[in-house]
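A short write-up of the structure that comes next.
The values are calculated or read from the model by the stated rules, or taken from the named source; none is laboratory data. Only a predicted model underlies this, so the values are computations on that prediction, with no experimental measurement involved. Backbone-built Cβ (ideal geometry, glycine too); neighbour counts: all protein chains shown. What goes into the accessible areas is simple: the full protein's heavy atoms, side chains included, and nothing from ligands, DNA or RNA. Shrake-Rupley method; radii C 1.70, N 1.55, O 1.52, S 1.80 Å.
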Amino acid sequence: MAVNFDEDEDDEYWSGRSRPKANLFDDDVKVDSRGMFGAIKKEAQSFDDHLTALGLGREEDETDDTITTDWKGNVVNEMSSKGSSYPKAGSQSHPALMTSSSGIQSARGTGGNVRISSSSVSYNKDSSSMSGFSDNLRPNFNTHTRSASFGTLGEKRPTVSNHSTPVSSNSASSTSLEEAVRREMKTPTNTDMAKLQAEIQSLNRRLKSAEKSRWAPLSVADTVTRIILGDRYSLEPYRSLKDKLALLDAAVGNHDGNAILVVVLFMRKTLSKTVFYEQLSKRPEAANQYIAYIKMHHEKRDSVATEMGHLCRLEEAAMWRYGTANLSSIPHARLKNLMECHGMWFERNPNLTEEATSMKEQIELLNKQLLVEATDDKNEREGRSPFKEMPRKANLYFQPLTTTLFYCSKYHYGESEDYPSSPLHLKREFQLSEKHYLLVALRARSMVKKWDDLEPLLTSKNWRGKARIKSVVKFEQVVNILVQNKAPPGIIDKFLRLVEDEETRMDMARKHKQHEVIIDTLFQMKDRQRLVEYQRHVPHRTDAARHIEDLLRNSGIKWKN
């Protein structure tokens with residue numbers, strides 16, 4: 001913006017001698033009290049009113065910027081109507097004022113007030129003024145070039161020229177927006193409609209193709225690979241039996257249990273039971289996966305056994321059912337389950353004859369245990385013998401046959417063979433061998449320190465009816481049982497002499513410090529030299545030492561050495 005001053009201005013006025021001491025923009029100044037200044041302010045107000053009437057007045061929220069200079073042209077204060085101060089003209093912090101430094105500096109040279117408003121620009125020197133800028137016509141010192149001329153009172157008002165195209169007002173802006181919207185809202189042409197219809201037809205064709213491809217199966221290898229890798233797959237396209245069997249064979253060929261199980265469950269769902277079991281029984285690996293699955297997920301045990309039976313695995317189904325029958329912890333319930341399992345799965349199967357016999361014995365044993373336990377529990381609660389002297393540590397339920405025989409030999413030894421609790425009754429009913437019965441009975445009677453019952457157990461009669469001590473087990477075992485149960489030395493000595501082998505007898509006697517047995521054995525062997533040598537190991541002044549001396553002094557003994 002360029003400001004031009006008239007060179008013929010009155011120097012007295014600009015020198016400040018005759019300049020009025022009033023601020024033109026002070027609201028307290030009356031129009032009729034200041035003469036020339038009042039007339040200027042009145043003209044400015046009427047010009048503002050004229051702009052307002054034309055719709056170019058400033059808005060309520062627009063601000064006025066005031067720059068005040070002293071008589072030397074220096075900027076005294078720069079304030080906005082909202083109280084914010086602006087930097088001085090020409091400073092680096094206000095680029096708008098920097099670009100117009102030439103115009104403002106010229107104004108400074110003469111002194112006066114410059115008022116810059118968002119809706120008007122006015123300059124005041126005596127009667128000269130510059131005003132009449134609307135908000136959209138505010139000077140832009142960066143892009144526009146304006147010029148103003150100032151004259152004395154009575155001369156024409158300064159004019160502002162703008163070589164660029166003025167900016168539209170608010171109403172013009174809204175009009176341009178409406179025009180832009182109308183330009184965008186075009187009526188579609190026939191070409192546009194044809195393009196849209198072609199695109200719709202293309203999308204319809206793609207949709208139909210996707211629906212058809214849903215039922216188009218992938219190759220068997222691809223489907224099995226998708227199952228193994230966990231990708232998305234569909235088995236619905238495989239409808240024929242041939243395709244399903246090919247799918248199952250491919251899964252079995254990959255040896256992947258999950259893939260096999262997926263295909264097997266799909267076949268069970270889509271095939272008849274007869275065809276399903278027939279085809280699955282021909283493929284043992286697939287059948288194993290299916291059986292493992294139903295064992296884990298079926299709650300009914302009979303259903304699992306039935307499924308295994310349909311797969312021609314009767315023996316495996318029987319053993320599975322037997323295992324589940326033994327899971328019950330209630331004696332009567334387990335007895336019932338075993339009886340049902342025996343009658344349904346074992347008794348009718350000729351391939352399970354031995355297993356059926358063993359299971360029958362288990363049922364009989366459990367039945368006898370129920371009878372014995374009921375009686376013993378009652379006697380124990382009443383404090384009767386032998387439970388008063390030897391309290392029980394556990395009940396008899398579900399114990400094996402050997403443990404049951406030991407129990408009966410401990411608490412019911414000597415009872416009649418007709419009683420279910422008698423050990424002889426168990427021996428007869430379950431056809432126990434003499435050796436089995438003897439070993440168990442010896443341990444039981446030795447544990448309760450009933451030493452007098454041992455000899456009758458080992459005594460038998462020959463064909464002449466003569467009783468003698470003879471055992472079906474070796475007496476070495478009998479001696480070891482006695483030693484384990486801490487039998488008295490006399491009992492050990494008695495049965496140690498029954499060991500047939502002399503060297504074995506002396507070794508066991510030396511181990512258990514039975515000196516009399518060793519001395520008598522050497523005397524029987526007529527071995528004087530070994531007897532003299534053994535005399536060194538026998539304590540002096542004992543019965544064994546005196547016995548050796550008596551044998552060595554006896555001249556009637558014929559020694560071998």
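Could you tell me whether LYS410 is part of a helix (DSSP H, G or I), farther than 30 Å from ALA317 by Cα and of a type in the set (Lys, Arg)?
Numbers: part of a helix (DSSP H, G or I): yes; farther than 30 Å from ALA317 by Cα: yes; of a type in the set (Lys, Arg): yes.
Yes.
So, in segment 361-417, how many residues would count as being within 53 Å of the chain's Cα centre (by Cα), among the hydroxyl-bearing types (Ser, Thr, Tyr) and surrounded by fewer than 18 Cβ atoms within 10 Å (Cβ to Cβ)?
3
Confirm whether GLU380 is part of a helix (DSSP H, G or I), among the charged types (D, E, K, R) and modelled with pLDDT of 95 or more.
Details: part of a helix (DSSP H, G or I): yes; among the charged types (D, E, K, R): yes; modelled with pLDDT of 95 or more: no.
The answer is no for GLU380.
Here's the yes/no breakdown for (1) under 24 Å from ARG445 (Cα atoms); (2) crowded, with 19+ Cβ neighbours inside 10 Å:
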site: VAL478; (1), (2): yes, yes
site: LEU482; (1), (2): yes, yes
site: PRO488; (1), (2): yes, no
site: LEU496; (1), (2): yes, yes
site: ASP501; (1), (2): no, no
site: ARG510; (1), (2): no, no
site: HIS515; (1), (2): no, yes
site: ASP520; (1), (2): no, no
site: GLN524; (1), (2): no, no
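Across segment 305-339, what is the number of residues that are open to solvent by 30 Å² or more (accessible area, probe 1.4 Å), of a type in the set (Lys, Arg) and outside any loop (DSSP other than H, G, I, E, B)?
The number of residues fulfilling the criteria is 2.
Identify the residue in segment 420-476 that is free of Cβ contacts under 8 Å to residues at least 24 places away in the same chain and in contact with an Asp or Glu (Cβ under 6 Å, 6 or more places away or on another chain) and, among all such residues, is most open to solvent (accessible area, probe 1.4 Å).
LEU424
Keeping to segment 230-265, report how many residues are outside any helix (DSSP H, G or I) and either among the hydrophobic types (A, V, I, L, M, F, W, C) or surrounded by 13 or more Cβ atoms within 10 Å (Cβ to Cβ) (or both). Don't jump to the end; show me each part of the working.
Here is the first cut: in segment 230-265, the residues outside any helix (DSSP H, G or I) are 230-240, 255-256.
Those left that are additionally either among the hydrophobic types (A, V, I, L, M, F, W, C) or surrounded by 13 or more Cβ atoms within 10 Å (Cβ to Cβ) (or both): 233, 235, 237-238, 256.
Result for segment 230-265: 5.
So for segment 350-368 (the condition being assigned to a helix (DSSP H, G or I) and under 23 Å from LEU442 (Cα atoms)), does at least one residue qualify?
Keep residues of segment 350-368 that are assigned to a helix (DSSP H, G or I), which gives 350-368.
Next cut, under 23 Å from LEU442 (Cα atoms) only: 365, 368.
Yes, there is a match, as at least one residue in segment 350-368 is assigned to a helix (DSSP H, G or I) and under 23 Å from LEU442 (Cα atoms).
Restricted to segment 541-560, and to residues that are β-branched (Val, Ile, Thr) and not in a helix (DSSP H, G or I), which residue is nearest to ASP527 (Cα to Cα)? Let's see the steps before the verdict.
Our first condition is that a residue be β-branched (Val, Ile, Thr); within segment 541-560, this holds for 542, 548, 557.
Checking the rest, the ones that are also not in a helix (DSSP H, G or I) come to 542, 557.
Numbers: THR542: 21, ILE557: 11 Å.
For segment 541-560, the residue satisfying everything is ILE557.
Within segment 472-496, take every residue that is within 17 Å of PRO456 (Cα to Cα) and part of a loop (DSSP other than H, G, I, E, B) and give me the one that is modelled with the highest pLDDT.
ALA487
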